[in-house]
Amino acid sequence: MKCSRCSGKAVVELGYLDERLCATHFSALFEKRVRKTIAKARMLDRKKDKIGVGVSGGKDSLVLLYLLKKMHYDIVAITIDEGIKGYRDHSLTYIKRFCRKYKIPWKTYSLKRDYGFTLDSIPDKKLMCSYCGVLRRGMLNRKARQLKCTKVATGHNLDDETQVILMNLFRGELERLARTGPVTGMIEDELFVPRVKPLRECSEKEDVLYALLHGIEYTDVECPYARYAYRNIVRDMLNKMEERYPGTKFAILRNFDKMLPFLRKYYMPKEKPKRCKKCGEITRGPICKFCETIEEFS
Amino acid sequence: MKIHVESRDFKKNVLFKGSTVKQLMKELGLSSENFVISKNGEIVLEDELLANGDNVKLFPVISGG
């Protein structure tokens, strides 16, 4: 089957565009979309920003790292080793190899080394994704700030974004929904490094394809705790909708982006953020979620 | 015909009576939506024709991490 734009052999069928593309045209489309996503939300400034890229060793984060390097941004790869045996230790070898190949500075920080426990040691496996999210986001923000990064970029893709939008809607967590989006967070504070998601308009499948076409070696070992996630149910539902009605995920994202300014206006905190009594980071209550989690398990 | 199929979780030889990748995926009970597929090292679409001895590799889209 031929590419819709040239006589080359098609490697992907994009139902939402009703097009089949060859490797060259797919790569061009993918890169153009990432550039547009960055520009549209004014995510990054090549002259001003030092970007800490959260890297897990999976397809999304390594594709992001590859593209930001290709686009000549000032980047440093940051990995949070939360201590999941057979998963994180495996991925570290991929990141090390990748960063060496592309001459990207890489910093890795361990939960065990800094706080004396690993995620594996937490007994309640059902809430693992919530604990992991709090710990990884907290450490990533602290470490990025120490490295004098002005932005943190993460490899969240179209699937991640649409899943989060629906999960928050299903759970009635509109305030949480207002904090997500292309640039995360509603407040400006010297302690908070804004997080951006340049791949939010690229699907999981497109990330895999781009990685394979560009020789990006990534780990596809599944996190052993992923099976507990509520997200899986939402993912299956969304994938079925997308298969039947191509463009569903883009429609969710586009409509959410239109709603976001209104959500943010409504839920914008009236007061300045407080400082955590334990660590001095920003918080809503007296102690931040990060410290609460650390205290519970260390 | 005999097709060698490899993915993250399995490797096997499949005795296959159909002719396309799409039919192979159906026989394996897998959805093409969840994989990027290569034949003999080249990325292909699901309407790709298969021949005896072909190596098919399935790259899972969902990593969950």
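Return the residue satisfying two criteria in turn: it lies in segment A:14-32 and is over 30 Å from A:HIS90 (Cβ atoms) and either acidic (Asp, Glu) or within 18 Å of the chain's Cα centre (by Cα) (or both), and of such residues it is surrounded by the most Cβ atoms within 10 Å (Cβ to Cβ).
Our first condition is that a residue be over 30 Å from A:HIS90 (Cβ atoms); within segment A:14-32, this holds for A:14-22, A:24-25, A:28-29, A:32.
Right, trim to either acidic (Asp, Glu) or within 18 Å of the chain's Cα centre (by Cα) (or both) and you get A:18-19.
Details: A:ASP18: 10, A:GLU19: 16.
Per the stated criteria, the residue is A:GLU19.
Yes/no per residue for (1) closer than 17 Å to A:ARG176 by Cα; (2) in contact with a helix residue (DSSP H, G or I) (Cβ under 9 Å, 6 or more places away or on another chain); (3) surrounded by 15 or more Cβ atoms within 10 Å (Cβ to Cβ); (4) among the acidic types (Asp, Glu):
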{"site": "A:PHE250", "(1), (2), (3), (4)": "no, yes, yes, no"}
{"site": "A:PHE256", "(1), (2), (3), (4)": "yes, yes, yes, no"}
{"site": "A:LEU260", "(1), (2), (3), (4)": "yes, yes, yes, no"}
{"site": "A:LEU263", "(1), (2), (3), (4)": "yes, yes, yes, no"}
{"site": "A:PRO269", "(1), (2), (3), (4)": "yes, no, no, no"}
{"site": "A:LYS277", "(1), (2), (3), (4)": "no, yes, no, no"}
{"site": "A:GLU281", "(1), (2), (3), (4)": "no, yes, yes, yes"}
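Return the pair list, or none, for Cβ contacts closer than 8 Å from residues in segment A:108-128 that are in a loop (DSSP other than H, G, I, E, B) to residues that are acidic (Asp, Glu), at least 6 apart or on different chains.
As it stands, the answer is A:THR118/A:GLU82, since those pairs meet every condition given.
Assess whether B:VAL21 counts as being facing another protein chain (nearest Cβ under 8 Å) and either of a type in the set (A, V, I, L, M) or under 10 Å from the mean Cα position of the chain (by Cα) (or both). First the steps, then the outcome.
Working: facing another protein chain (nearest Cβ under 8 Å): no; either of a type in the set (A, V, I, L, M) or under 10 Å from the mean Cα position of the chain (by Cα) (or both): yes.
No; evaluated as a whole, the condition is false for this residue.
Quick one: how many residues across segment A:191-234 are surrounded by fewer than 19 Cβ atoms within 10 Å (Cβ to Cβ), aliphatic (A, V, I, L, M) and over 27 Å from A:LEU119 (Cα atoms)?
1
Kindly provide the set of residues from segment A:45-66 that are more than 14 Å from chain B (Cβ to nearest Cβ) and either surrounded by fewer than 23 Cβ atoms within 10 Å (Cβ to Cβ) or in a loop (DSSP other than H, G, I, E, B) (or both), ordered by number.
Matches in segment A:45-66: A:ASP45, A:ARG46, A:LYS47, A:LYS48, A:ASP49, A:LYS50, A:TYR66.
For (1) surrounded by fewer than 18 Cβ atoms within 10 Å (Cβ to Cβ); (2) modelled with pLDDT of 95 or more; (3) closer than 19 Å to A:GLU222 by Cβ, each residue gets a yes or a no:
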| residue | (1), (2), (3) |
| --- | --- |
| B:GLU27 | yes, no, no |
| B:GLU33 | yes, no, yes |
| B:SER38 | no, yes, no |
| B:ASP47 | yes, no, no |
| B:PRO60 | no, no, yes |
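Residues being free of Cβ contacts under 8 Å to residues at least 24 places away in the same chain and among the polar types (S, T, N, Q): count how many of those fall in segment A:129-152.
The total comes to 2.
So, in segment A:11-28, how many residues would count as being over 23 Å from A:LYS70 (Cβ atoms) and touching a His at 6+ places or on another chain (Cβ under 9 Å)?
1
Name, by its number, the condition in (1) crowded, with 22+ Cβ neighbours inside 10 Å; (2) closer than 21 Å to A:ALA211 by Cα that does not hold for A:ARG97.
The failed condition is (1).
So, in segment A:1-44, how many residues would count as being of a type in the set (D, E, K, R) and away from chain B (no Cβ under 14 Å)?
Of segment A:1-44, the ones of a type in the set (D, E, K, R) are A:2, A:5, A:9, A:13, A:18-20, A:31-33, A:35-36, A:40, A:42.
If we keep only those that are away from chain B (no Cβ under 14 Å) too, we end up with A:5, A:18, A:31-33, A:35-36, A:40, A:42.
The number of residues fulfilling the criteria is 9.
The values are calculated or read from the model by the stated rules, or taken from the named source; none is laboratory data. Fair warning: this is a prediction, and the values are worked out from it, not measured in the lab. When we count neighbours, we look across all protein chains shown, and the Cβ atoms used for this are built from the backbone with ideal geometry, even at glycine.
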